[in-house]
Amino acid sequence: MNDFHLAQVNVGRILAPLDSPQLSGFVAHLPEINAAADQAPGFVWRMVDDGGADSTDLRPEDDDDMLLINCSVWESVEALQDYTYRSAHLKMLARRREWFERLAEFHHAMWWVPAGHRPTMVEAMARIALIRTNGEGPDAFTFRSPHPPPAGRPADSVTP
């Protein structure tokens, strides 16, 4: 077992309410996409709302009802990359402009967590803020410049 797992967060501002006809394709595919993640090699955990199926009822910013969050934990960068770009998820990703605004700033971050840790929404949003403020680094990065897990055991690591 690895001492560290990869956490990821991405946020997106939907173009219309979740119950609108414009978002119906997105909402209809969520169970399939979430099931594909749950069954993907290297998948560990994903954040869900009180309904337990997905995170669409969570709002990471109190004043923005259109901002959604997705947060999950994976065994490795490669496992997340395979799910993101080599599974049914890719078809959804290709259609994202039908449902989500194009955000000018970072909307995705990855970071290493001790195995067994489950990020909170506050923690995940702090990583988005970190990458927006400082750019990519070992504490918040993207697929463009992944960082290896920290050296040593998790007790030696420091998180912001």
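The residues of the range 13-48 that are within 13 Å of Trp74 (Cβ to Cβ) and either in contact with a Phe, Trp or Tyr (Cβ under 7 Å, 6 or more places away or on another chain) or of a type in the set (Gly, Ala, Ser) (or both), listed by number, are Ala37, Ala40, Gly42, Phe43, Val44. The set of residues from the range 1-59 being closer than 19 Å to Arg95 by Cα, β-branched (Val, Ile, Thr) and touching a Leu at 6+ places or on another chain (Cβ under 9 Å) comprises Val11, Ile14, Val27, Thr56.
The number of residues in the range 99-115 being loosely packed, with under 12 Cβ neighbours inside 10 Å and either among the hydrophobic types (A, V, I, L, M, F, W, C) or touching a residue at least 40 places away in the same chain (Cβ under 8 Å) (or both) comes to 1. Restricting the first member to the range 56-69 and to residues that are farther than 19 Å from Arg102 by Cβ, and the second to residues that are buried (at least 18 other Cβ atoms within 10 Å of the Cβ) and of a type in the set (Val, Ile, Thr), the beta-carbon pairs closer than 8 Å and six or more apart or on different chains are Leu58/Ile69; Arg59/Ile69.
Taking (1) of a type outside the set (Asp, Glu); (2) surrounded by 11 or more Cβ atoms within 10 Å (Cβ to Cβ); (3) part of a helix (DSSP H, G or I) in turn, Thr133 satisfies each apart from (2).
The set of residues in the range 1-26 that are hydrophobic (A, V, I, L, M, F, W, C), surrounded by 15 or more Cβ atoms within 10 Å (Cβ to Cβ) and within 20 Å of Met66 (Cα to Cα) comprises Val9, Val11, Ile14, Leu15, Leu18, Leu23, Phe26.
Screening the range 31-90 for residues that are over 16 Å from Leu6 (Cβ atoms) and of a type in the set (S, T, N, Q) and picking the one that is surrounded by the most Cβ atoms within 10 Å (Cβ to Cβ) gives Ser55.
We did not get these values from a lab; they are worked out from the coordinates using the rules stated. Keep in mind the model is a prediction, meaning the values are calculated, not measured. Cβ sites come from the backbone with ideal geometry, for glycine too, and all protein chains shown count toward neighbours.
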